[in-house]
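Shown next, in structure tokens, is the structure this report addresses.
Every number in this text was worked out from the coordinates using simple rules, so none of it is lab data. Keep in mind it's a predicted model, so treat the numbers as computed, not measured. Here the Cβ is made from the backbone with ideal geometry for all residues, glycine too, and neighbour counts use every protein chain on show.
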Amino acid sequence: MEFNHILQHSLEGLQRIERLAGRDDLPVRKALFAAEELVAHGHPGASRPISILQAETRHRNVIAYAELIGKTFSEIRKFYRIENASRKHIEICYRKNSFLHARNSAESDALLVIFTNMFNNFYVSNAALIAMLSRLPCDILLLKDASFLNYHGGISGFAADMPGIAESIRRFADKRGKRRIYVSGYSSGGYAALLTSLLMPCDGYLGFSHQTDLGKDSPLPAPRLFSDEVRARVNPEWLLDCRPLLEQADPAVPRTLVYGGRNDRDVAHATHLDGLASIGLVHLPGAAHNTIQPLIAEGKLIEMFRALVAPG
């Protein structure tokens, strides 16, 4: 089930945002949108809409957001500048419904598997994320399913269905001598990431702002874009409540779920796992659904991943 949205990362979408940001008349409302999007792409064009926001003195929310987005932009640009990336690399990273292997130059037995979301990003672009995590002592396997199915239909060229993802990751790791496997997922990619981490040997999990119970009779709020039509196309065997699985999981394997206190859906799904020894919860009270952005702004995101992949 193909998903197309103006916020979905693609080369065409980036060009639309570039045109918007280049307009002579850029009101604050559109500057907010342009800044948010171009920052996530590590794009130099974000400077102008950010400066428009920083000049705003009437609205406290805009002033606070200008400070946050400015810090986020500075942190991303330390590691990634889209204008310095090759066209081929950009095309590969922006391609939807595929997988991407980023090799570490140093010898390592660790593989970090990242499930991106249906908007084809991890808030930051796939290219920016790889650059930010490139200094970690591990290879990165970036999985992409930018469809309504959220990995329930597998991954093009990698796995035919949801349970097949775990087996494909194991084969991929074994073939390359990766003995330690770590998994991460954000937003609509998070449920599949968490479930996959429970279906195979896994050395650690780090999730952000995602569902934990997709069971048919779940009292928790359903994902906004996971409609009844989508649910009908999915194998119900894999629409599960992850809590019973986590109750049986090895508590020695570190697992963490980060959630924002300003998003009721994320709060409900995260606190559904409260009290389990096999997963820890990190509450960001000032954050909404996008927990990645404030962690980048505070210089904490990379350190969380560094702690995840650190040997035993």
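Brief remarks follow.
- About the centre of its Cα atoms, segment 18-96 shows a dipole size close to 200 debye [charges on the beta carbon of Lys, Arg (+1) and Asp, Glu (-1) only; nearest 20 debye].
- Label zone at GLU18, where the point sits 7 Å out along the Cα-to-Cβ direction: segment 80-100 residues whose backbone N lies under 17 Å: 81-95
- Take every pair of alpha-carbon atoms less than 8 Å apart whose residues are at least six positions apart; their mean separation over the length of segment 10-67 yields a relative contact order of 28 percent.
- Summing Cβ point charges (Lys, Arg +1; Asp, Glu -1) relative to the Cα centre of segment 181-270 gives a dipole of roughly 240 debye.
- Matching label, percent of Cα pairs over 28 Å apart computed from the structure shown, candidates [x] 54; [y] 38; [z] 45: [y]
- Partner lysines for LYS175 [C-alpha distance under 29 Å; skip if fewer than 8 residues away on the same chain]: LYS88, LYS96, LYS144
- Remark: the chain carries a charge dipole of roughly 860 debye about the Cα centre, counting +1 on each Lys and Arg Cβ and -1 on each Asp and Glu Cβ.
- Segment 130-202 versus segment 1-26: alpha-carbon centroid distance in Å: 27 Å
- The chain, relative contact order [Cα under 8 Å, separation at least 6], %: 16 percent
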